[in-house]
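What follows is a set of notes on a single structure, which appears directly below.
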Amino acid sequence: MSRPALGWVAGCAVTALAAAGAITYAVAQDSGGARERTPAAESADAGFARDMAVHHQQAVEMSYIVRDRTKDEDVRRLAYDIAQTQANQRGMMLGWLDLWGLPKVSAEPPMTWMGMRGMAAGKDGALMPGMATDTELKRLKSLNGKQAEILYLQLMTDHHKGGVHMAEGCVAKCTVGVEKRLAQGMVEAQQSEIELMAGMLKERGAQPRS
């Protein structure tokens, strides 16, 4: 893993954090000033914000787990960048729901806004595509060193693939411009991190699970 590559990821995290206030303000300008433009509770905008907030929370959890299970600086740095970026984005999305006056939870199953009602069964805690199961999280907590690094990189690769699928759905279906732009940014950043993690797995004699 090259230092420049990791530096690029860190730079993306810093940029995302710095832009948070501007993005939240832009959402207020896009939707807060016009009642008829505020997304409905069942809209793709609201569904994406709710579901991706949950999806991001697990990425943050996994990243903090591996941080304490390895001393490898490259993996620890990547995990920190992912945790900070996704925690920040999660806060923004929950803030948008508050701004729109919409609930943060829904009686509808996850992914309903994408036309995938019933496809995410929540088996063993995996509520949406790419999410790790409770069993996998328990295993990650039991490993150390290289084994923990490999499992984390594999789980996060799957997680990012699911996240990209969801973000592409928002790009196609969401109506709030700034949310669509954030979703497109997620697609690009997470695809880049998938490539980065493939290289890190190869360095450890492993490969993505799918």
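The values are calculated or read from the model by the stated rules, or taken from the named source; none is laboratory data. As the structure is a computational prediction, the values presented were derived from the model and not from experiment. Cβ coordinates were reconstructed from backbone atoms using ideal geometry, including for glycine residues, and neighbour counts include every protein chain displayed. Quick note on the areas: whole protein, heavy atoms, side chains included, nothing else; ligands and nucleic acids left out. Shrake-Rupley method; radii C 1.70, N 1.55, O 1.52, S 1.80 Å.
Here are a few things to note about the model shown:
One line per residue, one yes/no per condition, for (1) over 18 Å from the mean Cα position of the chain (by Cα); (2) hydroxyl-bearing (Ser, Thr, Tyr); (3) closer than 27 Å to Gly177 by Cα:
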| site | (1), (2), (3) |
| --- | --- |
| Asp51 | no, no, yes |
| Met62 | no, no, no |
| Arg76 | no, no, no |
| Leu102 | yes, no, yes |
| Ala107 | yes, no, yes |
| Gly145 | yes, no, no |
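- Residue in segment 130-137 that is among the polar types (S, T, N, Q), surrounded by fewer than 20 Cβ atoms within 10 Å (Cβ to Cβ) and at pLDDT 95 or above present: yes
- Search result, residues across segment 163-184 that are surrounded by fewer than 20 Cβ atoms within 10 Å (Cβ to Cβ) and in contact (Cβ under 8 Å) with a residue 12 or more places away in the chain: His165, Glu168, Val171, Lys173, Thr175, Gly177, Gln184
- Residues in segment 174-210 that are over 18 Å from the mean Cα position of the chain (by Cα) and within 22 Å of Ala49 (Cα to Cα): Thr175, Val176, Gly177.
- Sole exception among (1) open to solvent by 30 Å² or more (accessible area, probe 1.4 Å); (2) free of Cβ contacts under 8 Å to residues at least 60 places away in the same chain; (3) within 23 Å of Gly185 (Cα to Cα) for Thr157, by number: (1)
- Filtered residue count, segment 42-64, keeping only those that are farther than 22 Å from Ala126 by Cβ and open to solvent by 20 Å² or more (accessible area, probe 1.4 Å): 2
- Count of segment 185-210 residues, restricted to those that are surrounded by 16 or more Cβ atoms within 10 Å (Cβ to Cβ) and either in contact with a Cys (Cβ under 8 Å, 6 or more places away or on another chain) or modelled with pLDDT under 95 (or both), is 1.
- Taking first residues from segment 127-145 that are at positive phi and partners that are open to solvent by less than 30 Å² (accessible area, probe 1.4 Å), the Cβ contacts under 8 Å between residues at least 6 apart in sequence or on separate chains come to Gly130/His55; Gly130/Asp158; Gly130/His159; Gly130/His160; Gly130/Gly162; Gly130/Gly163; Gly145/Thr70.
- Once segment 120-129 is narrowed to residues that are more than 26 Å from Val176 (Cα to Cα) and assigned to a loop (DSSP other than H, G, I, E, B), the residue that is modelled with the lowest pLDDT is Ala121.
- Residues in segment 65-102 that are assigned to a loop (DSSP other than H, G, I, E, B), surrounded by fewer than 19 Cβ atoms within 10 Å (Cβ to Cβ) and touching a residue at least 24 places away in the same chain (Cβ under 8 Å): Lys71, Asp72, Gly101.
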